[in-house]
Amino acid sequence: MPSTKPAKDDTASVPDKPAVTASAVRTSTPSPAPAEQTGSRPGVYEYTHFTDCVYPHVPLTARAATADRPATVYAWPFGPPADGRWSPTSKSPNQAADNAPALPFQE
């Protein structure tokens with residue numbers, strides 16, 4: 001005996017797609033993080049990493065300590081970059097930003 005089932009409606013089993021609203025679509029790209037993202041406070045910090053580094057946004061060339069040269073000690077006005085290369089210190093700054101006048105020599 002043939003069954004008399006109603007014809008299957010394919011559109012009934014497909015869930016409706018949610019409507020895309022203008023607020024759901026981002027038209028802008030995320031803004032880049034500020035160069036000086038820090039979790040620390042302004043102050044004097046010593047460069048403690050093992051290789052030299054240039055911070056173009058300051059601009060500052062941070063130098064690692066060697067046998068004949070001390071590490072860079074810099075007074076960060078907004079705190080150092082959060083890259084783990086700087087430690088707070090009570091030493092006097094021994095370097096200014098690369099585009100600033102040189103610091104007076106202190107021994």
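Taken over the stretch 53-76, the residue count meeting the criterion of being open to solvent by 40 Å² or more (accessible area, probe 1.4 Å), outside any loop (DSSP other than H, G, I, E, B) and not basic (Lys, Arg) is 3.
The lone criterion from (1) open to solvent by 40 Å² or more (accessible area, probe 1.4 Å); (2) at positive phi left unmet by Gly79 is number (1). Per the conditions (1) touching an Asp or Glu at 6+ places or on another chain (Cβ under 7 Å); (2) among the polar types (S, T, N, Q); (3) farther than 20 Å from Leu103 by Cα, the sole criterion not satisfied by Thr51 is (1). Within the stretch 77-103, being without any contact (Cβ under 8 Å) to a residue 40 or more places away in the chain and either part of a strand (DSSP E or B) or among the aliphatic types (A, V, I, L, M) (or both) holds for Ala96, Ala97, Ala100, Ala102, Leu103.
The values are calculated or read from the model by the stated rules, or taken from the named source; none is laboratory data. The structure presented is a predicted model; accordingly, all values stated were derived computationally and were not measured. Because the Cβ atoms are built from the backbone with ideal geometry, glycine has one as well, and the counts that use them run over all protein chains shown. Protein only, heavy atoms only, side chains kept; ligands, DNA and RNA dropped before computing areas. Shrake-Rupley method; radii C 1.70, N 1.55, O 1.52, S 1.80 Å.
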